[in-house]
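Worksheet: the structure to be examined is printed underneath.
Just so it is clear, none of the values below were taken in a lab; they were calculated from the coordinates. Only a predicted model underlies this, so the values are computations on that prediction, with no experimental measurement involved.
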């Protein structure tokens, strides 16, 4: 017997029993309910004899090379007073913005993410018995830069660091035409779902009808470059992005 035949036999047996209205799966009897008839990791099929529905799950995926990156970098400063901390932070951040501007990042490619100011509270050194009090102030400012030339991504991060950036939340990669890639993954997933439903219908000896319900879940998986640089340009490898769509589709069927 081939490796695929036992699975087909199991699916056939369970589906035929499902039509009879009493489904036996493992040690549980489920009368008149939807029943898991086939399951293979990320894809499966369920048959409901009560409302004559075949429900299947399937996936589609599309790979793409990133063509755009988003770099988040920031500046943190401390000083004795709030005004001094903010003033020092503004001066340093402006130096960073000027440097990345000279490196080719235009103002419309820079978005401020957050500006914060908060007190640093602690005890007076050598006097642990005294209550805590404000000892200094910390200010922070972070921006996200859009980089369209990925070959210069590492160099731009290094420029920001050399100019005074002290924090970085990493570099996120993306593609400009993401919607098209997601649509391609959806087309693959829905086509695979229909094909799977047809197989189940053939096993049942019924005619597959119209699509009655469809749910979709799309994800994008890729790499995130992190870390602060050292000497020279930071090595950046964009890798590739994978857009995956998982669908659950229900079809009617007729004897």
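Subtracting the Cα-Cα distance from 0.36 nm times the residue separation, let me have the gained length for residue 82 to residue 212 in nm, one decimal.
Values: separation 130, 0.36 × 130 = 46.80 nm, distance 6.16 nm.
Here the segment from residue 82 to residue 212 would lengthen by 40.6 nm.
Decide, for region 68-174, between rounded, prolate and oblate: order the square roots of the alpha carbon gyration tensor eigenvalues as a ≥ b ≥ c, take rounded if a/c falls under 1.5, and otherwise choose prolate if a/b is larger than b/c, else oblate.
Numbers: a/c = 3.18, a/b = 2.65, b/c = 1.20.
Since a/c reaches 1.5 and a/b is larger than b/c, the shape of region 68-174 is classed as prolate.
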